[in-house]
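Below is one structure, written out as structure tokens; comments come after it.
The values are calculated or read from the model by the stated rules, or taken from the named source; none is laboratory data. Everything numeric here is computed off the predicted structure, so don't read it as measured data. All Cβ positions, glycine included, derive from the backbone under ideal geometry; neighbour counts span all protein chains shown. Quick note on the areas: whole protein, heavy atoms, side chains included, nothing else; ligands and nucleic acids left out. Shrake-Rupley method; radii C 1.70, N 1.55, O 1.52, S 1.80 Å.
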Amino acid sequence: MKKYFFIAVMALSLTILQGCDEEKDVVLWEFTPADVMIHVVNANGENLLSPETPGCIVPEEVEAIYNGKVYEYRYTFVVDGKPVPYKPFAINDTPDSEKTREISATWYGLHDGYSGNDLEPTINFGTFDPTVGYRNEEFEIVWPDGSRDRIAFDAFIDWTDEDNPQYVKNLYLNGNPVETIVVVK
């Protein structure tokens with residue numbers, strides 16, 4: 001009886017071991033959604049979105065046209081019905097019950113943005129999730145004086161090296177590749 005039991009255990013173990021392949025670690029990749037950020041400056045490099053700058057542009061008078069739809073400028077951070085400068089996200093300000101690892105894209109269209117330590121105002125368009133794979137996307141900015149600028153972009157993940165995927169973001173202003181969108185008015 002012990003002999004049959006031992007043979008049965010060995011046969012079952014052999015079957016189980018044959019069914020096991022070397023498991024590869026599962027990696028969950030998270031990629032931050034991105035806006036297209038537009039800096040607007042005068043010939044002297046002064047930010048034309050700052051109300052203190054002579055000849056400043058009123059952002060509410062700017063529009064974007066994307067996929068045949070017109071987007072009016074809007075504020076994304078409003079307190080007591082008034083737009084206020086964006087407060088950079090601080091994880092410590094978020095209660096534990098609201099914390100998540102998911103980084104989801106929220107579509108705002110044409111909206112307020114801020115860059116640098118001084119929170120210089122920008123005009124942003126998005127937000128775009130790079131896992132969707134945006135390639136050769138294009139939109140037009142219509143300025144208060146009626147002039148237009150064509151902005152194109154790519155935002156996608158290059159999975160050529162599965163162990164080291166690359167976030168690709170290319171920007172173009174009026175057909176020219178640029179590192180940063182800077183419109184001189």
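So the values come out like this:
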item	result
Residue count for the range 143-153, restricted to those that are open to solvent by 70 Å² or more (accessible area, probe 1.4 Å) and part of a strand (DSSP E or B)	2
Residue list for the range 112-133, filter: buried (at least 17 other Cβ atoms within 10 Å of the Cβ) and either free of Cβ contacts under 8 Å to residues at least 40 places away in the same chain or farther than 22 Å from residue 31 by Cβ (or both)	112, 114, 121, 123
Residue check for residue 8: over 17 Å from residue 119 (Cα atoms), open to solvent by less than 100 Å² (accessible area, probe 1.4 Å) and at pLDDT 95 or above	no
Scan of the range 154-185 for residues that are of a type in the set (Val, Ile, Thr), in contact (Cβ under 8 Å) with a residue 60 or more places away in the chain and either loosely packed, with under 10 Cβ neighbours inside 10 Å or not in a loop (DSSP other than H, G, I, E, B) (or both), ordered by number	157, 181, 182, 183, 184
